[in-house]
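Each value in this text was obtained by applying a stated rule to the coordinates, not by laboratory testing. Keep in mind it's a predicted model, so treat the numbers as computed, not measured. Note that we place each Cβ from the backbone using ideal geometry, even for glycine, and neighbour counts take in every protein chain shown.
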Amino acid sequence: MESRRVNFVGGARPGRGRSGTGTVASADASCGGEGRFRSAVRASPGRLARTAWVWLVVGLLGPGGWPGSAQSPRARLEVQVDQPGIAVSRSLYGIFFEEINSAGDGGVYAELVRNRSFEEPGWTNHWVPVTSGSAQGAWEITLGSFSSTNNQRALRLEHRGGSGEVGVANEGWFGMGIREGETYVLRVRLRAASGFTGPLLVRLEPASGGYAVASGLLYGLGSEWRDYELELRASRTEPRAQLVLALPSAGTVWLDYVSLFPLQTWNARTNGLRHDLMARLADLHPAFVRFPGGCWVEGEWLTNAYRWKDTIGPPPDRVTRWNLWGYWSPNGLGFLEYLLMCRDLGAEPLFVVNCGMSHREVVPMAEMDAWVQDALDAVEFANGPVTSRWGSVRAALGYPEPFGLKYLQIGNENGGSAYNERYALFYDALKARYPDIQLVACDWGGLPVSRPVEISDEHYYNAPRFFLANARKYDFYPRNGPRIFVGEYAVTSGAGNGNLMGALAEAAFMTGLERNSDVVVMASYAPLLARLENKAWNPDLIYFDATTHVLTPSYHVQRMFARNRPDRLLPAVLSWQGLAPPGTIPPRGAIGLGSWNTRVEYADVTVRQGTNVLYASDFARGASEWRVYRGQWSVMNGVYRQDALIVDCRSVTGETTWSNYTLTLRARKLGGQEGFLILFHWKDDANWTWWNIGGWNNTQHAIELCDQGGKSVLGQPVPGSVATDRWYNLRIELEGTRIRCYLDDQLVHDVRYPEVGIRGAVGVGTWATRASFTNLVVTHGSETLYQSDFRTSLTGWRLVNGQWTTTGGLLRQTSLQTDCRATTGDVQWTNYTLRVRARKDGGQEGFLILFHWQDDQNWTWWNIGGWNNSRHAIEVCRNGVKTTLGPSVAGSVETGRWYDIRVELEGTRIRCYLDDQLIHDVHYLEPEPLYAVAGLDESGGEVVVKLVNVTGENVPVEVWLNGAARVAPGARYEQLTGPHPLAENSLAQPELVRPVSGELEVRQPRFEEVLPPWSVVVWRIPLAPAGALRLETEPAPYGRLVMPGSEGVALRLNGFPAGPVRIAYNWETLDGRRWTGGELVFDGDQIRGLLRPPTAGLQRLVLEQLEGETVELPQGLLVAGTTDTAGSMGLHWWRGERSLWLWWWQTALLQEATDPWGPWTNLAGEPPVVVTLQRPRGYYRLAAP
């Protein structure tokens, strides 16, 4: 394990990162030692003006670490509190709402009826007929007798006679959640047959049957379409209810629209939102709300694309539209409701418009006018005056005041040439009419280049390791490029249903967003909400059913960061020792057995380390040493057997310290879909490796690595299957990072653990471009690892996509297909230089130069002339997901011109040269064990520190608040942790992972706290004002008057003194008599004292300092000797004097009159007020100011 220092200070230029000496320099100075670090912190303002000031540098501590340490886990955080830097974006933390997972319909949109207008194809979806007794009747969907243009169908319900009811029932979205004592409002549009006036019976009842929860009757039905309303009050709670509308006697009605809402919606809105879910969103303090998507904006086809004009107006008149996430939406939560949601949350709206592109179709350029006009009209609806066309529509709906829409996003996850063309149309039209609106562009395979980009929307879904490594991603982002909106991000691999490890990785990533919020101006987790019965995406921030909800650990992280956003960043230095970054795969661990939808049995399990036997099974005696993770495991006839046909069955044994061992065993498949799972290097349930034999429906063998819960394949899968009822001999040999697997003594795999970013093969490629390559040479020092002038065949090359040929000494790729690759070489190559000559022969972009290639899912390439031939960048692909490493550089590639390309690789460093000009000098980003960011809350004078510990260690942290003379009392903490990194909340255990908060015992600018394992911690530490200490009262005086509490007058120093402070006190009456006094002593542990007034009435408190550092003492304090704070006024008068002292304990005006009826005259001043008695009587009262 190494000791490492992370300096959150100044922006490191490309190439000034980790070096071979174990130090990493800042933009101005190295930080290997304390003095040099200070010079980096105090970089000159002129230098900052020319440098990307991103507040992060990384370096290693010297080999000694802390004095007297033995490399035990330990950290130090140094914050320079007197050097506030860039302002933290006020819009940094927001939320993203998409109609997915029944987030709106069946979720936060409080409508309880599903298919309320009978417009879903099938027409009667989610409605069922109900009858009772001998009643006879019929129901059918009718056309032509409708009440709205968009609502063309009605349900005809007829009671034809007999005793009993004929009706229909609707369970809503997986059952209606009804709460005892709450009122529910039925709104129905119907007409009756001529002569039939009702009644129509309405009730809420359990969907499974039973007594009604609430009921009522609608009378006075007529033959014309009319809206009716009925309130139903629930007599008891029913988590799965249904709504029944029934005719108790012969008659006919047509139902066109049936709606049921709880009366108590958020802010009591009629077409409102579910109160409990909105309360959780409000707790997030979102700065903005992105809406409505997401893929819901695009639609699978253009007919499914979101069109905001279909979502406004009376709910019965709105268009019902198919949602590509698998359900129909009545558009009840429409554009207006969204704007109201933003207003209610105090959040800025960020509206996403369709740019004429769906998943499968693109609107022709000649037909784009209507789509551009939709965007213009949306802004006018939100912001336009009531005299404008769409502003008047908004006003007619009851909202004349504009909503102040400032952000508009053009498309969602759209890219390529089609997006580039359409982006220009929207940009020109919107900027011409609304020049101040801020436009967001999609970065989807590259940004559009047809027009300027103000804000770029980036999306990241990946494993924990990705987010940990990319916490520093934006430290190297150019400060003169577009601002960044991380519009969607979440740990989606190895996250369970939203576990603690995923939340920790997101928190680590968020420290980087906050640290770079001069560039990253907005960010939002995705998705936001998920109905448990209708999950289309995993994980999500909030899960819910009809009546309850559960908050994931990721929710708590989002809330903690948003509610503790500082105003300005502070330089910070984080150092540690004795900690290993998560995701490091040391070749050691226990063993295990498993299966996947398969019944298996195992025997003769042996683990040897050389000649030493670490473990030998004896299943005849049992398997008590094995720990079952999942499955039905038993011992039978000397074998260990698993009989459940479910996924991911595991049982493990052994020591996590085992290394360099050989595992042998026998295995037999008894039945099921696949084969065997043999685990090794098992550390915990989220970190292990297994040999998957006969996986993927019994078609192939592969080695899979599970890192923090996310699985990836090592090496290449091998075709193969497992026969039933046949015994196999299995052997796994583990030596260092090497893994060799044998099946019946035949070598199947020979692979190594990946060493991220520092070794691998080479290759060339193109993207929608034809190109030629020649003179490819790979050297390691003076040694030539590979050389080809392409005068021979492509033997030894691996080809992915494209049309590759060799001719005339050239390697040519002649297809205009995307992602064409040709690779060669050894995956163990490291520290090499790759040279090649390349020529563009035609197409859209330039060249792709691959290096550190491990397999087709893990590699790095230099993308030269990418993004429509507009820029160069290095991209890293990990498990099939690409991200940009370091900043991109503007540049293009000419057709027909030869370029000399050179890539130099040294450790984690990458240098790229084009025609001998250095273009990139960057380092691979790697996970760290600890993350931190610090800032200043200017309004409260508090230092805000966020720390993330992604290790399983308790880590003592020394905290140095450099530049602070002293801290003030009132430091607080909030902390999120759990029993293990895979812990997640559920309806059964909603608070397994939850934050706790309390008082932080901080007395001096240097203190120590312990970070728990797997934790996110927020500290808020008040700073004492500069200058001398002050003695203050609690609460502060009202005028000169202090009202004591039940224990007396509370006095407190505004900071902690360096040593003891002695203060003498005396009580005096207003006529100069002195009572007995005493002495108060304050020190670094005790800064609060209590004094009890010796008598009732008004008296002076006289204070005098006797010893210690200078303290500013309050002068002229008057204490009302009573604890009756409920009283409005008090008075004090000394016999024989003609002065009356009046005081009061609330914000009010003191008034005087000569009799009780007035007139009343205001007396100026704050309490106490001295009144001279010159009349026989005087009357006094308090009045509102």
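Packing, as the average of other Cβ atoms within 10 Å across residues, places the peptides 395-402, 87-94 in the order 87-94, 395-402, highest first. Modelled label positions at residue 634 and residue 1092, each set 7 Å beyond Cα in the direction of Cβ, lie 7.4 nm from each other.
Partner lysines whose Cα lies under 30 Å from the Cα of residue 431, excluding those fewer than 8 positions away in the same chain, are identified as 309, 406.
A simple charge model with +1 on the Cβ of Lys and Arg, -1 on the Cβ of Asp and Glu and nothing else charged puts the dipole of the chain at about 960 debye relative to its Cα centre. Assuming charge only on the beta carbon of Lys and Arg (+1) and of Asp and Glu (-1), the dipole of region 1029-1120 about its Cα centre is about 320 debye to the nearest 20.
The alpha carbons of region 127-264 give a radius of gyration and a Dmax of 14.4, 40 Å, in that order.
In plain terms, the residue of 311, 142 with the fewest other Cβ atoms within 10 Å comes first and the most crowded comes last, giving 142, 311. For region 937-952, 3J(HN,Hα) computed residue by residue from phi via the Karplus equation (6.51, -1.76, 1.60; θ = phi - 60°) reads 8, 5, 5, x, x, 10, 7, 10, 10, 10, 10, 10, 10, 9, 10, x Hz, glycine and proline entered as x. Of all lysines in the structure, those lying under 16 Å Cα to Cα from residue 882, and not within fewer than 8 positions of it along the same chain, are 473.
Could you tell me which GluC sites (Glu not before Pro) in region 892-953 are loop residues by DSSP with no more than 15 other beta carbons within 10 angstrom of their beta carbon? Here the GluC sites (Glu not before Pro) that fit, given the DSSP loop and packing criteria, are 894, 938. Averaging 1/r over each pair of different alpha-carbon atoms in region 275-562 and inverting the result gives 19.8 Å, the Kirkwood hydrodynamic radius. Using the Cβ atoms and a cut-off under 15 Å, what net charge is assigned to the surroundings of residue 938, where Lys and Arg are +1 and Asp and Glu are -1? Residues near residue 938 contribute 0 overall.
Computed from the Cβ-Cβ distance with R0 of 22 Å, the FRET efficiency linking residue 1034 to residue 1115 stands at 0.80. A simple count of charges around residue 899, restricted to other residues whose Cβ falls under 12 Å of its Cβ and scoring Lys, Arg +1 and Asp, Glu -1, yields +2. Taken as Cα centroids, region 127-175 and region 762-805 sit 71 Å apart, rounded to the nearest whole angstrom. Of 709, 324, 150, whose Cα points farthest to the positive end of the dipole of the chain (charges on the beta-carbon: +1 Lys, Arg; -1 Asp, Glu; origin at the Cα centre)? Checked the options; the winner is 709.
Say a paramagnetic label sat at a point 7 Å from the Cα of residue 282, along Cα to Cβ; which residues of region 167-187 have their backbone N under 20 Å from it? Residues 179, 182-184 fall inside that zone. The residues 176, 560, when put in order of fewest to most other Cβ atoms within 10 Å, stand as 560, 176.
Spin-label pair residue 424-residue 794: with each label point 7 Å from Cα along the Cα-Cβ axis, the two points sit 3.5 nm from one another.
With 0.36 nm allotted per residue and the present C-alpha distance subtracted, the residue 268-residue 138 stretch has 43.0 nm of extension available.
Spatial offset of region 237-282 relative to region 881-902 amounts to 58 Å, using the alpha carbon center of each. Potential lengthening of the chain between residue 535 and residue 156 amounts to 133.1 nm, from the contour at 0.36 nm per residue minus the alpha-carbon distance. Counting every other Cβ atom within 10 Å of each residue's Cβ, 368, 636, 357 order from fewest to most as 636, 368, 357. What the phi angles of region 888-902 give under the Karplus curve with 6.51, -1.76 and 1.60, with θ = phi - 60°, is a coupling list of 7, 10, 4, x, 9, 10, 7, 6, x, 10, 7, 10, 9, 10, 9 Hz, glycine and proline written as x. Run the reach check for residue 669 against lysines, Cα to Cα strictly under 24 Å, same-chain hits fewer than 8 apart removed. What comes back? Straight-distance partners of residue 669: 711.
The GluC sites (Glu not before Pro) of region 221-286 meeting both criteria, a DSSP state outside H, G, I, E and B (loop) and at most 11 other C-beta atoms within 10 angstrom of the site's C-beta, are 224. Each 5 Å bin, from zero up to the one with the longest distance, holds this percent of the alpha carbon pairs of region 851-997: 2, 6, 11, 13, 10, 9, 10, 11, 10, 9, 5, 3, 1, 0, 0. Take the Cβ atoms of residue 881 and residue 90, set R0 to 41 Å, and the FRET efficiency comes out at 0.85. Backbone geometry of region 519-529 corresponds, through the Karplus equation with coefficients 6.51, -1.76 and 1.60 at θ = phi - 60°, to 3J(HN,Hα) couplings of 10, 7, 9, 8, 7, 8, 5, 8, x, 8, 10 Hz, x marking Gly and Pro.
Applying the criteria of a DSSP loop state and at most 14 other Cβ atoms within 10 Å to the chymotrypsin sites (Phe, Trp or Tyr not before Pro) of region 236-319 yields 301. Measuring max minus min along each principal axis, the C-alpha atoms of region 385-535 give extents of 53, 41, 30 Å (largest first).
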